[in-house]
């Protein structure tokens, strides 16, 4: 079988501990016909395998106690393990040279949700003595978090469907035609979105609705499009994305940024992400029923104003937030450092920065207001978006002209 890398942290009750090479393969053991040896009738060697403990998905603490006849000595003892019963010292093993005290060691790089067998062994005069076989099962490692995703689940409807959010707002670089997620959840471009053009070599993160770059049959579908017509009547403004009353689904699903585009730090394949629907945004913010009852909180994270969405498994003991679920609270009620945010992110929290919006080529309300597109049209000219600012979170989604530039935060469905 494939050898696992032997790395151990050995805790000895003796005053000094000496590690053997660990990765070397001993001579084929001669067990003398039973678990405790017996090849030398003048020496008694008793090996007792400790019950494995502190088991995780990839590690386990094992050990042994060995006793020998008075005056006798051992050249090596340790533990060996395998997926098969009664492993020997020629299998994966960890060994030490100090033998006259009980010892423990940590097996590492095990496979999740797998049954292993472990035995302690002792070596004297090239003869191996073994303790009893003990088995244990490593824990399930749980779902693997996809590249670019936050490790938190969010219910999006009454049927209990779940999504993960991307690790930052969507960004685009025109000169290389590259899409990526912001490197931190609290990152945003701000006023530099005003430089948006086909020849702008930096990043933008405010987009007209449905501007994935897929030619949907409309004149305006590229992420760099900035067009506006100030005329009254039903033709006010330009249509962006699919013309007419079509959402970013079905035959127009490619107008969804996450469906059509490969996200360079989000798996780098098209079809891995999508935009939330209007009802899904509304459910996450207002209608989820996590056990803790906590869904959201306004905050400043690393000096950036925004909204924290708390995952379904959030517990109030994780962090002492103020004003949870309070839609009229201001940002300053929770001031969170980058270091504390790292811990909250590990717990599955999502931060939506108040990145502002673009009105033609003018960027407004930066670090004051957050505007996030849904995938749903509202009418022939408008689409729905989720909107918040200090002291306000909209109940139900607003609908504004598609040519206005707003933030995009993508999700992945949890299978």
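Some points to look at:
- With semi-axes defined as the square roots of five times the eigenvalues of the C-alpha gyration tensor, the equivalent ellipsoid of the range 128-189 measures 42, 20, 9 Å, largest first.
- Compared with the direct C-alpha span, the chain from residue 262 to residue 328 gains 20.0 nm at full extension, assuming 0.36 nm per residue.
- Cα gyration tensor shape of the range 283-415, rounded if a/c is under 1.5, else prolate or oblate by comparing a/b with b/c: prolate
- Sorted by Cβ density within 10 Å, fewest first, the residues 188, 220: 220, 188
- For 118, 414, 259, order by how many other beta-carbon atoms lie within 10 Å, fewest first: 414, 259, 118
- R0 of 51 Å, Cβ-Cβ distance residue 73-residue 346: FRET efficiency to nearest 0.05: 0.60
- Of all DSSP beta bridges confined to the chain, the antiparallel ones make up roughly 95%.
- Shown for the chain is the translational diffusion coefficient from the Stokes-Einstein equation, using the Kirkwood radius over Cα pairs, a temperature of 20 °C and a viscosity of 1.002 mPa s: 85 µm²/s.
- Sum of -39500 (n - 2.57) over DSSP H runs of 4+, divided by residues of the chain (222 nm, nearest 500): -1000 deg cm²/dmol
- FRET efficiency, residue 44 to residue 360 (Cβ-Cβ, R0 60 Å, nearest 0.05): 0.10
- Under the Debye formula (equal points on every Cα, no solvent term), log10 I(q)/I(0) of the range 213-367 at q = 0.08, 0.17 Å⁻¹: -0.33, -1.16
- For the range 161-223, the calculated P(r) over all alpha carbon pairs, in 5 Å bins from 0 to the bin holding the longest distance, is 4, 18, 23, 24, 17, 9, 4, 1, 0 percent.
- Placing a pseudo-label 7 Å from each Cα along the Cα-to-Cβ vector at residue 145 and residue 197 gives an inter-label distance of 4.0 nm.
- Listed peptides 166-173, 364-371, 82-89, 349-356 appear in the order 349-356, 166-173, 364-371, 82-89 once ranked by packing, highest mean of other Cβ atoms within 10 Å at the front.
- Net length gained if the chain between residue 414 and residue 157 were fully extended (0.36 nm per residue, minus Cα distance): 91.2 nm
The numbers here are math on the coordinates, done by the rules we state, and not lab data. Predicted, not measured: the structure shown is a model, and the values here were computed from it. Backbone-built Cβ (ideal geometry, glycine too); neighbour counts: all protein chains shown.
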